[in-house]
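One structure below.
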Amino acid sequence: MNSFTDWLPTLMIFLPLLGSLLLLVTPKTFRDEVAGFIAALTLGAGLAIWRGGGSDLFRWDWIPPLGITYSVQLGGVSLALALVTALMSFIAILYAARRIPNPGPMLSLILAMETGLIGIFAAQDLMLFYVFFEDALIPALLMLAIYGKSGRMAALTKFAAYTLFGSLLMLVSIIGVKTLGGSPSFAMTDLKQNLVTDSAQTWLYLGFLTAMAVKLPLWPLHAWLPDFHEQNHDSGVPDVMGTLYKVGGYGIFTFAIPLFPDASLELRPILMGLAAFTALYAAWIAFRQTDWKRLLAYAGLSHMGFVALGVFSLNETAVIGAMYLLAFQNLYTGALFLSVGMLQERIGSLDTRVGGVMTQAGALGGLTMALWFASIAVPGMAGFIGEFSILLGAYQVSPWLAFIAGITTIAAAAYALTAFQTTFWQARPAGSVTLRDLVHTEWLILGIPLAVLVLFGVYSTPALNLMQPAVRAVLTALGGN
Amino acid sequence: MVPTTSYLALSGILFALGMIGVLTRRTAIMVFLSVELMLNAANIALVAFARSWGDPTGQTAVFIVMTLAAAEVAIGLAIIVAIFRKRETTNVDDLAALKG
Amino acid sequence: MERGADPERRPTIEYANFVIMLLVALGIGIVAVLASALLGPKKASRAKLMAYESGNDPEGGGVGTGQRFPVHFYLVAMLFIIFDIETAFFYPLAVAYQKLIPFAFFEAITFVLLLLVGYVYILKKKVLEWA
Amino acid sequence: MLQPPDVSLTPLLPVLIVLAGAISSTLLGFWVQRRTLTFINIGAVTLSALSLGLLWNRAASAFGGSLQADNAALLLAFVILTGTLMTLLVTLDTAWRARVSFPEFDAMLMYAVTGCLLIAFSGDLIVMLIGLEIMSLSGYVLATLQGSRRAEESGLKYFLLGAAGSAVLIYGIAFVYGATGSLNYAAIAEKTSVLNPENTAILVGGALLMLCGFGFKVALAPFHQWTPDVYGGAPTSVSLFLSTVVKVAAFAGMLRVFGGALENAPGWHSVLAVLIAATLIVGNLAALRQTNFKRMLAYSAVAHTGFLAMALLGTPQVGGAALTYYLLVYTLMTAAALAIVAALQRSEEGFSLLDMRGLYYRHPAYAVALAVCLASLAGLPPFAGFFGKYLVFQAAYQNGYAWISILAALTSVAALVYYLRPAMLLFMPDRTPAREYSLGQRTPTTLTVALGVVGVTALGLLPNIWYSWVANPAIWTLLVGR
Amino acid sequence: MPDLIATLLISLLKAVLVVLGLLTTFAYMTLIERRLLGRMQLRPGPNRVGPMGLLQPAADAIKSIFKEDLTVTLADKLVYTLAPILAIGMALTAFGGIPAGPAGSLFGENPWVYNLDAGILALLALTSMGVYGIFLGGWASGSKYPMLGALRSSAQMISYELGMGLSLLGLLMIVGTTSFQGIVGWQAQNGVLLLFQALGFALFLISSFAEVNRTPFDLPEAEQEIVAGYLTEYSAIKWALFQMAEYVNMITASAVMATLFFGGWKGPQVLNAVIPGISDWPIVWLVAKIAFFLFLFIWVRGTLPRLRYDQLMRFGWKLILPLALANTVMTAAFLAFRGAGGLWFLGVLSLAGLLALLVMSDRVRVLWNQPTVRRPESEAVRAGGD
């Protein structure tokens, strides 16, 4: 492999950050274009890596005395997630540029956060992972701070407190993994050869899990999520990034399972139970929401319960499904947040009971409905493949839990369709202003994710081919099922 | 020859008295005097130990400590006087502009 | 040379002598005060016991009532403390001076120079002026 | 005819240069303006820092080992001088407004730095004590110098508690001397490795008393009560100095004494661990409740004391490196944050958290810089504060104090919240009129802030810039000298 | 053990003797002083009580004991009573350490009450304690004038104490011991220290005048300025005790000067040629020298006017203190650089310094004479600011 491809992941990680800094000095008139261009370039870099079949591990000793390395690799699951991130960031930028009056800081922050997110996926060193993990937090917080609503301070505090509570415990675990295992560095390659054993492993796993459970999120560490989404800017752009930031499932898959194999087997029933409960509980709560943002937040939570169920089951099919779902739920949940943003722009509210939107804004309604179908796992959409695989895999491990999770899909249909119906179909109150339908880039913003969802719902082979070897590699390390 | 422990007991008592003074007295001057008491307790301990080791280092240390005490007196009194001239009180409890 | 004391105990004896001297000296004062208290007449009146203020009725006064006086006196007190401590440092050096030459010479010069810094400072600050 | 005495003054060079600056401030103040003095002092501090390079790896010592210019001392001195430089730069701008613009201010500052350096260079307890007292006494004056009610009050509190702390410390020194018969670090370390039982009690007592004394100086709970009042009540540039340089020096002393001389002494580790736990809890939780930014930073300084002290729980080899790394980072970020406060505040009370709302739209550069400092203080990567925290966690962890690490991690959550809240407020759009000084940006302050922010970022991205200097374990095994 | 008790009893006896001797001297000092002053001022002085007024002291003593002892209402009773006792106690104790002859020369006993190695230091410490007596006395009176007087006196005494302490440093460097016996012995061998420390002696002499509150430094009792200073509220025996302390201090100061600079209890060695051993006669020489200094005290009182307070303080701080330091440095430098040479050159230097000072006295006088105009407070604060 030539040196350029070696550098490609690094380029993909830091290109957005450069762009973000560049935006600070860009004149106002070009700002949107520059941001879009950078995001597109990042996506292009990602696609280039995909074409090359993923990148090799790139390792550079960052801080030798501490054993912290800069190890990055994009391939398999991480590449898929990075691609989705790049795509959704691009779309978020498109919408932000159109929708937000003074988008400068927002665009910068989206790009900065993109760096953090891609970094999270690319990191193959625990410390580096932690660094990116925290880095992605700051832009998210700033977006909330700058563009949020009146109650943002409380939401922000809650969000930060939960995340950091978890991540600091994770940090202690990380230190523990290296110190107790006696590994020379924090790079995954070294850590895997120096596993911690016995009860210490369980404790460290728990520390790690706390962070990931917050970020999944998993009941009972999810309380920050609805507030976070509700208080964010109406356009839904920060929510897209927030959705992308739900990297808990990935973290457990890439780091926790290989590093704590015994512990993850030991704790499997409890964790699967929690996951299934989260899925069902979130669906139930979502059903009662009358605010689109909160509803979507709980819907996302419910999906994350699924992802967690898949990951914790340690079953190959389920894990692949989980990763698949994780990747693609970003697309539809993100797109749905944007559609909600468009809706809000038109009717000035996020209420699910405005009624009659469909008659005046058919295209918005139609695309939104299609995205909801993806969300509730209608066959032919990418979401279906994910959820189905998870249930299939989980059933082999624990039929009852799979059954509980299965109920969730029905519940999902219920809450999604109810809300959709009250918003778009029901009779429209008299005296409302007329609504504009989708215009210009809005078509692209909702259309591209939908297209991708349909594409991978129908023709899933490329994505599965990408993920399967990675998942298998992780799970074989467990020593079979 | 008086045993070292007696000196230590004396210094311990002085130190304890100073400590009690610091903790219970409310006038700046009295707190300050209690601190001086503690310093002298330390001096006694130093001299006693110096004698028991037959080593003059401890005695030179006493010299230093005395100087420190003097410097503390100078600066401490300056601060106390400055405050007293402004508000006619040196009661520590009355100083509450900076509350926790 | 000393009577009734081996060299080992001589300092202790001398300190005992010192205490005796101190007690006798203080005793004289106490005896005198007591004698006067016993022998002197006691015909106090209110006017007699008033504090003296050039014939006027005294205002204020009394111990611990926070009488104000020029801040200069505080300054003198502080300067005294500082310089006196310096002197205290100088005494051992002076006594051992001839044994410690040349080190002691540089030591002394440095010491005096530092002292001078402070002295010049207070001089320029006009602490030593009484106007 | 007269031979100069055989005393090598080279190891003293950095101290002497700073002392020369102090003395020149004392005397020249009558003839030249204070700004000129400050420039002279900046020059002196820079020279002193350069002379550190001259002494590097020479392991020089003077006065029979009472003064050690070993690499540990040089590194600590470098941190001290950095903090001093930043303080001096800030005072160029703000001293006039803070009504402390007289030569005495500079003189006291430089005397304090002389003391700080002496602590770092100390080779026995007496030199350490002298340095500590020079530093503390100058500190009391600095805190009071403004002459306002608030400053005087803070000065008195600082003085009374500081003096009590010194007394306890000296009593501890007396006991350590009693147990070992020496005041020299090396001799103490030698004696403490083999102790007969009756002396052990005295030694433990002495170590604990010294710990309490140092606890006062570095503001370990429950000896921290003076900190918020003093840092909050003193002029901001003084708070800056006290919370960086003075604290660094006090920690240098702790490192010398506990990491070196008393390393093998029993008992103090566990007590220190308990104190640290208390400090972490008290400092972080109290900071959470503050509404004044300066006061919040004061409590955060208490909390940071807890983190810093964790390094002392590690072995000297690991802990010394961690502590020194963290100290520089701590100095940079705290100084930069307080420099911004000093530049923007309307009164010396600093500003309330709510005043910071929307600062980004009025002073974008300062706001971003402040946010970076806060993020670094909070320990968010990639800023250097993170690696500082990481290193001390690791140091404590490796030496068997996992529970402290976990507690520190948990209390850090509170820390992150109270740091991030103002950081976020900075960026919240705000229509109300500005409540800070509008003519903030001036070259020296900007320079200080830039130094802090660039330093924090650079050390975060490439910690090796500084860490490779401090990481050599050989430096810290010789904390006591030969 | 009986041996020890005997030693202590003898010490007690000596202490009582010293105290009685001092008190008698004090009593007759007052008479002599008044007579001498009278003579200087061309008037007879007290001459009614007894032949030549010789019973005057006894009359005074009886009077002060039988007078009414007042304690003003607002006074702090305990401190008010203790202050004069402290003053006289310290003054008397200080004298006990001065040797009056060689060891064992007083009927087989030592002609001193105690002999500490730190002789000079102990003496200085004791005389410093005298300040407490004065200050506490003024403070405890609970009245304005005594308070101010006490402050002034204390400030004066501590200021000159510095000069006094520092002016001895050169002497100590030369001799290398603080024990009186050692110093006397050194002088017997090398010549009296006055020869080598003329400047130091001059400074010590002046400081001593200020320390014991004698003219021209008798501000503490300057009746014209602040009533009677710290003594205002004192009467009867307590007042007498303060007076007593002052005179005893004067005697002590004379004795110290005699011991440190004039060879102490030893007479001039040259007289040994006339009467062998005369220079070693105990007590005689010391008494003679003390008498000389006492006369000097009185003589000065009859000659010089009193200084103003600001002049006094400036004189102490601006002249005595730096000169004492200079003397120290000069001696130190001389000792360090002299090589094998003798001390005589130091004597010349010292004397030259003293003479130079006298010659330049008009220039030097500016230091303390000219009142400086005090700047307004605000201006002083701003000075040097930017």
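The values are calculated or read from the model by the stated rules, or taken from the named source; none is laboratory data. Only a predicted model underlies this, so the values are computations on that prediction, with no experimental measurement involved. No Cβ is skipped: glycine too gets one built from the backbone with ideal geometry, and neighbour counts run over all protein chains shown.
Quick notes on this one:
- A count restricted to the stretch B:5-29 and to residues that are in a helix (DSSP H, G or I) and surrounded by fewer than 16 Cβ atoms within 10 Å (Cβ to Cβ) stands at 11.
- Residue list for the stretch C:66-91, restricted to those being more than 7 Å from chain E (Cβ to nearest Cβ) and either of a type in the set (S, T, N, Q) or not in a helix (DSSP H, G or I) (or both): C:Gly66, C:Arg68, C:Pro70, C:Val71
- Residues of the stretch A:138-151 that turn out to be in contact (Cβ under 8 Å) with a residue 40 or more places away in the chain and either in contact with a strand residue (DSSP E or B) (Cβ under 8 Å, 6 or more places away or on another chain) or buried (at least 24 other Cβ atoms within 10 Å of the Cβ) (or both), as a count: 5
- Among all residues of the stretch A:163-179, there is at least one that is facing another protein chain (nearest Cβ under 9 Å) and surrounded by fewer than 20 Cβ atoms within 10 Å (Cβ to Cβ).
- Test for A:Ser349: is it polar (S, T, N, Q) and in a loop (DSSP other than H, G, I, E, B): yes
- Some residue of the stretch E:331-347 being closer than 30 Å to E:Tyr247 by Cβ and surrounded by fewer than 22 Cβ atoms within 10 Å (Cβ to Cβ): no
- Test: residue in the stretch E:7-27 that is within 14 Å of chain C (Cβ to nearest Cβ), of a type outside the set (A, V, I, L, M) and over 29 Å from the mean Cα position of the chain (by Cα): yes
- Set side by side, the residues D:Ile134, D:Ile188, D:Ile126, D:Ile170 differ, and just one is touching a helix residue (DSSP H, G or I) at 6+ places or on another chain (Cβ under 6 Å) and more than 10 Å from every other protein chain (Cβ to nearest Cβ), which is D:Ile188.
- Test: residue in the stretch E:88-97 that is over 25 Å from E:Leu231 (Cβ atoms), within 14 Å of chain C (Cβ to nearest Cβ) and not in a helix (DSSP H, G or I): yes
- Within the stretch D:369-402, tally of residues that are surrounded by fewer than 24 Cβ atoms within 10 Å (Cβ to Cβ), part of a loop (DSSP other than H, G, I, E, B) and at the interface with chain A (Cβ under 10 Å from one of its Cβ atoms): 1
- Flag if E:Val131 is among the aliphatic types (A, V, I, L, M) and under 29 Å from E:Leu321 (Cα atoms): yes
- Failed condition for E:Gly104, given (1) in a helix (DSSP H, G or I); (2) over 26 Å from E:Leu199 (Cα atoms); (3) free of Cβ contacts under 8 Å to residues at least 12 places away in the same chain: (1)
- Qualifying position, being within 20 Å of A:Gly348 (Cβ to Cβ) and at pLDDT 75 or above, among A:Ile410, A:Ile445, A:Ile404: A:Ile445
- Candidate set from the stretch A:180-195 (those that are among the hydrophobic types (A, V, I, L, M, F, W, C) and part of a helix (DSSP H, G or I)); member that is farthest from the other protein chains (Cβ to nearest Cβ): A:Met188
- D:Leu92 of a type outside the set (Lys, Arg) and under 20 Å from D:Glu349 (Cα atoms): yes
- Subset of the stretch E:41-78 that is of a type in the set (Gly, Ala, Ser) and in a helix (DSSP H, G or I) - its residue that is surrounded by the most Cβ atoms within 10 Å (Cβ to Cβ): E:Ser64
- Qualifying residue in the stretch D:186-204 (condition: crowded, with 24+ Cβ neighbours inside 10 Å and hydroxyl-bearing (Ser, Thr, Tyr)): no
- Applying the set (1) surrounded by 15 or more Cβ atoms within 10 Å (Cβ to Cβ); (2) touching a Gly at 6+ places or on another chain (Cβ under 8 Å) to A:Gly36 leaves exactly one unmet item: (2).
- Residue list for the stretch C:92-108, restricted to those being facing another protein chain (nearest Cβ under 7 Å) and either exposed (fewer than 15 other Cβ atoms within 10 Å of the Cβ) or assigned to a helix (DSSP H, G or I) (or both): C:Ala94, C:Val95, C:Tyr97, C:Gln98, C:Phe103, C:Phe105, C:Phe106, C:Ala108
- With respect to being touching a residue at least 12 places away in the same chain (Cβ under 8 Å) and touching a helix residue (DSSP H, G or I) at 6+ places or on another chain (Cβ under 8 Å), E:Leu70 fits the description.
- Options A:Phe121, A:Phe132; residue that is under 22 Å from the mean Cα position of the chain (by Cα), surrounded by 23 or more Cβ atoms within 10 Å (Cβ to Cβ), within 11 Å of chain D (Cβ to nearest Cβ) and part of a helix (DSSP H, G or I): A:Phe132
- Condition check for E:Gly38: modelled with pLDDT of 80 or more, of a type outside the set (A, V, I, L, M, F, W, C) and crowded, with 18+ Cβ neighbours inside 10 Å: no
- Only one entry in D:Leu76, D:Leu54, D:Leu50, D:Leu85 is buried (at least 24 other Cβ atoms within 10 Å of the Cβ) and out of contact with any Cys (no Cβ under 7 Å at 6 or more places or on another chain), namely D:Leu76.
- Residue check, B:Thr67 part of a helix (DSSP H, G or I), more than 12 Å from D:Gly178 (Cα to Cα) and within 8 Å of chain D (Cβ to nearest Cβ): no
- Residue list for the stretch D:61-72, filter: without any contact (Cβ under 8 Å) to a residue 60 or more places away in the chain and either surrounded by 23 or more Cβ atoms within 10 Å (Cβ to Cβ) or among the acidic types (Asp, Glu) (or both): D:Ala69
- Among all residues of the stretch A:385-399, there is none that is out of contact with any Cys (no Cβ under 8 Å at 6 or more places or on another chain) and within 19 Å of A:Gln421 (Cβ to Cβ).
- Scan of the stretch A:83-102 for residues that are more than 14 Å from A:Ala45 (Cα to Cα) and among the hydrophobic types (A, V, I, L, M, F, W, C), ordered by number: A:Met88, A:Ile91, A:Ala92, A:Ile93, A:Leu94, A:Ala96, A:Ala97, A:Ile100
- Residues within the stretch B:30-48 that are over 21 Å from B:Leu77 (Cα atoms) and in contact (Cβ under 8 Å) with a residue 40 or more places away in the chain, tallied: 2
- When the residues of the stretch A:152-161 are filtered to those that are buried (at least 23 other Cβ atoms within 10 Å of the Cβ) and within 9 Å of chain D (Cβ to nearest Cβ), the one that is nearest to the chain's Cα centre (by Cα) is A:Ala160.
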